[in-house]
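Written out below as structure tokens is the structure these notes cover.
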């Protein structure tokens, strides 16, 4: 079990809030709602939300940063579901492609911009997290081209063989998601993003998740997983974690602080953090809203009660969050705050995309009147 917290920049144009009855029929106490503010990057992101897109052909670009094994793939499946259609690999292409395509979105894995294959990294004594093992010039050129409506021949990093495979054709979608280790590391790439997310997973939770994934799905030993995490940590601290300061939304997952109980009906505590000086702080300098959840849902259909106390979460109809969670009940994190907050952030991104589309349609009309 884990505590999940989401920090959202006010560039989303609405604050996710929650009403506070003293006790719910689900059996958990709701604490107070909290907002705290600082004043650094909000102006730049607010202008992005108001629209920087110049033409109808320009693709909206979203960046998702996280370390390996932190739930990026699951988040991408939730996000593409919110926009409609299942994300699938390119038809007829490389079966080991990392790209996912749905009706509206294309998801690119930034591992494809590794400049060194697995053997090359070992020979040079660098990890995939080290900027020297990645081609940021090509990353920038291709993301910019796609944003401007130009198809590119994107390289493929093969996670099975550890080699760099022949490139694949990527056509400009309505929404491009770039996910991986470095979407906000290079300022040129960062400036192309219309919205950015950072998955901040604690070491304890990350270790547990990687054991589940790498032992069950990839056949790795416990010892090799421990060694991999320890070897990556210096580069993670140096190159990946600092990107958190640039994110519009941060989803943080920590070990639970709740006592494990076998009682039936135990449910999550959903709170927002205190705005006192002793409360949690975020070093990014963003103006943010903070929503925290601890515990698990025994029954996903009862999430509708929690949803009824949330406001400004950009749903199109009552119960949409619950519907999305039930639709993907088999996804990791669906019974706790990880899945809930990923779904809410996905809905806010959809709302931002619709604002961008509406603004594009409005601009030519105003120009005609002028």
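Values in this text are rule-based calculations from the coordinates and carry no lab data. Nothing here was measured: the structure is a model prediction, and the numbers come from that model. Cβ atoms come from the backbone with ideal geometry, glycine included; neighbour counts cover every protein chain shown.
Packing around the peptides 233-239, 120-126, taken as the average count of other Cβ atoms within 10 Å per residue, puts them in this order, highest first: 233-239, 120-126.
Inter-part distance, the range 296-363 to the range 107-143, computed on C-alpha centroids, equals 33 Å.
With Cα atoms as the point set, the range 90-191 shows a radius of gyration and Dmax of 13.3, 41 Å.
Going by neighbour counts of Cβ atoms within 10 Å, the residues 320, 252 line up, fewest first, as 320, 252.
Between residue 304 and residue 223, the modelled label-to-label distance comes to 5.3 nm, taking each label 7 Å out from Cα in the direction of the beta carbon. Take residue 360, project a point 7 Å from its Cα along the Cβ direction, then tell me which residues of the range 176-191 have their backbone nitrogen under 19 Å from it. Residues 176-178, 191 fall inside that zone. Which of rounded, prolate, oblate describes the range 287-339, given a ≥ b ≥ c as roots of the alpha-carbon gyration tensor eigenvalues and a/c under 1.5 marking rounded, otherwise prolate only if a/b is larger than b/c? Oblate, since a/c reaches 1.5 and b/c is not below a/b.
By other beta-carbon atoms within 10 Å, ranking 139, 293 with the fewest at the front produces 293, 139.
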